[in-house]
Amino acid sequence: MNQDPNKLTILQNMEDSGGEIDVIAFEGKLYYVDFSKESPNRRSFCYDEKAWHDRKKFKPESSVEKDINKLGSKLVTEAMYLYMQTLEDFDLKTSSWIATPKSIRDLGGALNAEKRYGRAFIFHNGADSYYQSRGYRSYIEI
């Protein structure tokens, strides 16, 4: 890896927040990804800032969008998440927000994923929802 100090800081932030970073080759590129057994300790966030602002009662502390921007990484995509689940089982007790297509987000939804019964599942929730057991997984390209 190029010794980019910014990337090193991002990796340290990912690790400090429970990401347990690993390297994967995906679609011809190398990535550092959050590979913790359960969703990293970045939890109880709604999906994005719009959802956070629109929520009227019981707002979470923050949003995934705000937190990931602070962290400096990117949100794992559906395809990347499903590929990662072929390498190792994770999110067996938790779930993780994943990147959501604009068409779904425009309708108020957001995607999350988990593994149950030996299979990875992609789900949806309102983007303003949040759960103690739902965090997010992120990556940076090497």
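Taken per residue, the accessible surface of the range 40-118 reaches 55 Å², heavy atoms only and a 1.4 Å probe. The listed residues F45, F121, once ranked by accessible area (1.4 Å probe) with the largest placed first, stand as F121, F45. Mean residue ellipticity, 222 nm, helices only, the chain: the sum of -39500 (n - 2.57) across DSSP H runs of n ≥ 4, divided by residue count and rounded to 500, is -7500 deg cm²/dmol.
Of the accessible area of the range 46-142, computed with a 1.4 Å probe over protein heavy atoms only, carbon and sulfur atoms account for 53 percent. The tail of the calculated P(r) for the range 26-87, taken as Cα-Cα distances beyond 20 Å, holds 37 percent of the pairs.
Once C-alpha pairs closer than 8 Å and six or more residues apart are averaged by separation and normalised to the residue number of the chain, the relative contact order reads 31 percent. Segment T86..N41, full-extension length gain: 13.9 nm, with 0.36 nm per residue of separation and the alpha-carbon distance subtracted. Placing one equal scatterer on every Cα of the range 61-142 and applying the Debye formula, the log10 ratio I(q)/I(0) at q = 0.25, 0.27 Å⁻¹ is -1.37, -1.49. Computed over the chain with a Gaussian network model linking Cα atoms closer than 10 Å, the most mobile of V64, V23, V76 is V23. All other residues with a Cβ under 11 Å from the Cβ of L82 taken together, and with Lys, Arg as +1 and Asp, Glu as -1, what is their net charge? Within the 11 Å Cβ shell, the charges total +1. Centre-to-centre separation between the Cα atoms of the range 6-55 and those of the range 66-142: 10 Å.
Shown here is the pair-distance distribution of the chain: with all Cα-Cα distances grouped in 5 Å bins from zero up to the longest one, the shares run 2, 11, 21, 23, 20, 14, 7, 2, 0, 0 percent.
The values are calculated or read from the model by the stated rules, or taken from the named source; none is laboratory data. Computed from a predicted model, the values in this text were never measured in an experiment. Note that each Cβ is placed from the backbone with ideal geometry, even for glycine, and that neighbours are counted across all protein chains shown. Only protein heavy atoms, including side chains, enter the accessible area calculation; ligands, DNA and RNA are left aside. Shrake-Rupley method; radii C 1.70, N 1.55, O 1.52, S 1.80 Å.
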